[in-house]
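*Asks:* So that we are looking at the same thing, I have put the structure below in structure tokens.
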Amino acid sequence: MSRSRSMYRFVAAFGFLLAFAGAAHWVVPAGREALALVMARDDAARIADLQLDKVLTPARADAEIDAALAEGDGELAASFIALAEARGIPVSADRRARVALANAPGVKFARGAGHFGQGFLTGEGEDLAGLAGAAASDLTVWGDVRDLGREALHWARGEPVDRLMVDLAGAGIAVTGATYAAFGAPLTLRAGLSVLKGARRAGAVGGRFAGDVAAALRGGRRAEVATLVADLGAAGSKAGTRATFAGLRHVDDAAGAARLRGLAQAKGGQTLAIVKTLGRGALFVTEAMVRLGVWILAAVANLFGLVASFNAAMVAMLRPMWKNRRGPALPQPA
């Protein structure tokens, strides 16, 4: 009976040992992945690469390209092809041909002419042509005067006034008046101001980020504003206007703008597709910190289970031998 009981204990303990050992097959890689994300927390391009390893499959890339083409979005489709090529994901010749046709010069010109005019008159537009029109209007001061006039009309009607837009338009007038130089820096910062204004109009600038920029403008922190605007201008020149707008939707402060610039400089035309695929995960690793914490708990539980089940299996296996070596019980003296 005792031998049978020992055997049952051994089998049960050994079963638990196998279960915990099998669980390690999932626990260890998950921990390695979460740790890699945390270690890359200041490198947006590395963060994007690690995240894309899990989600961007050939089927996902094909589906994204087809969806973009169905919506007439040649720019997004081309960005996904660039991303697929960079990651060694094959794209069929048929899809490449359709994307090339959607981005043919004649098609882009016909589509862009109207967007340029709209951008010049209204300052609105998320594509390159629309921003070019908005930037051209800003360089002639018309854009800043237009934006100030629009906000003045809102004030006169008792409607909410966008204080950030007022501050940016005022800064733009000062910049243009000072020989088209932003705070004494090169003219490229003028384009950065246009990007920020366009993003604000498109709803791509969150309240916290807008508050930080407005506070810096009103506080006279010109160097800080110049750096932020330069980051946005650089991101726009490397990744395109839409990619910059898309990334700005996930930016909360100047540090986030610097991350966006780093991602755009590293990935270029792939940036729009990356942000479309990963969202905020293209820039930040907040989720990875939670995953790392969960992994630590799982790893501790798994290690404890391995040690406990191994110890129980060894005790169950050796217990009969200990009893045999002890021999029969000695008779008690009378």
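The values are calculated or read from the model by the stated rules, or taken from the named source; none is laboratory data. The model shown is predicted, which means the values in this text are computed figures rather than measured ones. Cβ sites come from the backbone with ideal geometry, for glycine too, and all protein chains shown count toward neighbours. Please note that ligands, DNA and RNA were not included when accessible areas were found on the heavy atoms of the full protein model with its side chains. Shrake-Rupley method; radii C 1.70, N 1.55, O 1.52, S 1.80 Å.
*Asks:* Provide the per-residue ³J(HN,Hα) series for region 246-256, in order, calculated from phi with Karplus coefficients 6.51, -1.76, 1.60 and θ = phi - 60°, each as a whole number of Hz, with x at glycine and proline positions.
*Replies:* 4, x, 5, 5, 10, 9, 10, 7, 5, 5, x
*Asks:* With a 1.4 Å probe and all protein chains kept in place, how much accessible area does residue 238 have, in Å² rounded to the nearest 10?
*Replies:* Around 120 Å² of this residue is reachable by solvent.
*Asks:* Let me check I've understood the local charge: for residue 252, count other residues with C-beta under 13 angstrom from its C-beta, Lys and Arg +1, Asp and Glu -1. What total comes out?
*Replies:* Once positives and negatives cancel, what remains is +2.
*Asks:* Quick one: what Rg and Dmax do you get for region 188-250 from the alpha carbons, in Å?
*Replies:* Rg, Dmax (Cα atoms, Å): 10.9, 31.
*Asks:* Can you sort 166, 229 by 1.4 Å-probe accessible area, starting with the largest? Show your work: numbers first, answer last.
*Replies:* Working: 166 45, 229 5 Å².
Per-residue accessible area, sorted high to low, gives 166, 229.
*Asks:* In terms of solvent-accessible area of protein heavy atoms at a 1.4 angstrom probe, what is the ranking of 142, 155, highest value first?
*Replies:* Numbers: 142 105, 155 190 Å².
Ranking 142, 155 by accessible area, largest first, yields 155, 142.
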